[in-house]
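Rule-based calculations on the coordinates, nothing more; no lab input. Here the structure is a predicted model, which means the values were calculated and not measured. Because the Cβ atoms are built from the backbone with ideal geometry, glycine has one as well, and the counts that use them run over all protein chains shown.
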Amino acid sequence: MNKKLKIGIGIGVAAVVVIVAAAAFLRHRPMIDPADHPRAVSIGVTVGQDGETYDYDIPESGISDELNDALISLFLNTEMRNRLLPRPQSYNIANGSVFITVKVSLEHSSMRVNLSNDPDYSSAQFGDTHYHIVDHQKLYQDVYGLLSGVMTDYAVKR
């Protein structure tokens, strides 16, 4: 076997290994499993508006059964995958920016759903591990739409 053929086979094998590893690493999976009996236990929203920062903290007692069911339904129909790059450790709250965190209690653990109009911020978080939310912008818009009527009751200006 000549040297060029050996190099070509080596490159081909390496390419197959990289493709298989990437497919396994970036595999989509459901964000939550209904068997885990998910329940939204708190919601935090930070909004930058007119040079001010507003926080909306909705405790479990402020989350109606209807809101919980709607949020959990959205999360059950969402997929996640491993992140290629680490999530930013900080973010700026500028005019028009919105950051939403929904803490979800699961049967044996908990998770945080981090959503924003800044796509780098969005993630499904289990402990210190962050996963990329597939179609995070749609999920952000749907969750924000659900919360927009409830948030005003929990506003706190910084």
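Points worth noting:
- For R83, the residues whose modelled amide H falls within less than 5 Å of its own, excluding neighbours fewer than 5 places apart on the same chain, are H132.
- Taking N as the residue count of the stretch 31-157, its C-alpha radius of gyration divided by 2.2 N^0.38 Å amounts to 1.01.
- Lys, Arg +1 and Asp, Glu -1 on Cβ, resulting dipole of the stretch 31-157 about Cα centre, debye, nearest 20: 380 debye
- Average Cα contact separation per residue, the stretch 39-80, under 8 Å, 6 or more apart, as relative contact order %: 38 percent
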